[in-house]
Amino acid sequence: MKLERKHLCNYLEECENKRLSMHTLKAYRIDLNQYYDYMGMEKLEDDKAGLVSYIRFLNERYEAKTV
């Protein structure tokens with residue numbers, strides 16, 4: 001399944017319904033949008049391959065505790 005921005009919005013809406021804190025929701029929104037942008041750059045369709053690729057990308061750019 002191709003990741004679409006509406007999927008992110010739906011997930012964040014579900015998180016809001018669970019009454020997560022505004023700080024948590026903000027962090028989720030930032031992280032998910034960064035992942036979405038990365039997936040668009042890489043043109044990856046396979047969810048597992050895309051996730052592995054993204055985690056590798058994060059580990060190359062940031063320190064482990066940041067990732």
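The values are calculated or read from the model by the stated rules, or taken from the named source; none is laboratory data. Owing to the predicted nature of the structure, the values given are computational and were not obtained by experimental measurement. Glycine gets a Cβ as well: all are built from the backbone with ideal geometry, and neighbour counts include every protein chain shown. To get the accessible areas, we keep the full protein, side chains included, count just its heavy atoms, and leave off ligands, DNA and RNA. Shrake-Rupley method; radii C 1.70, N 1.55, O 1.52, S 1.80 Å.
If you filter the range 16-31 down to residues that are more than 15 Å from residue 66 (Cα to Cα) and assigned to a helix (DSSP H, G or I), you find that the one that is nearest to the chain's Cα centre (by Cα) is 29. The residue that is nearest to the chain's Cα centre (by Cα), among those in the range 42-67 that are among the hydrophobic types (A, V, I, L, M, F, W, C) and either closer than 14 Å to residue 2 by Cβ or surrounded by 13 or more Cβ atoms within 10 Å (Cβ to Cβ) (or both), is 51.
Between 8, 20, the distinction of being in contact with a Leu (Cβ under 6 Å, 6 or more places away or on another chain) and open to solvent by less than 100 Å² (accessible area, probe 1.4 Å) belongs to 8 only.
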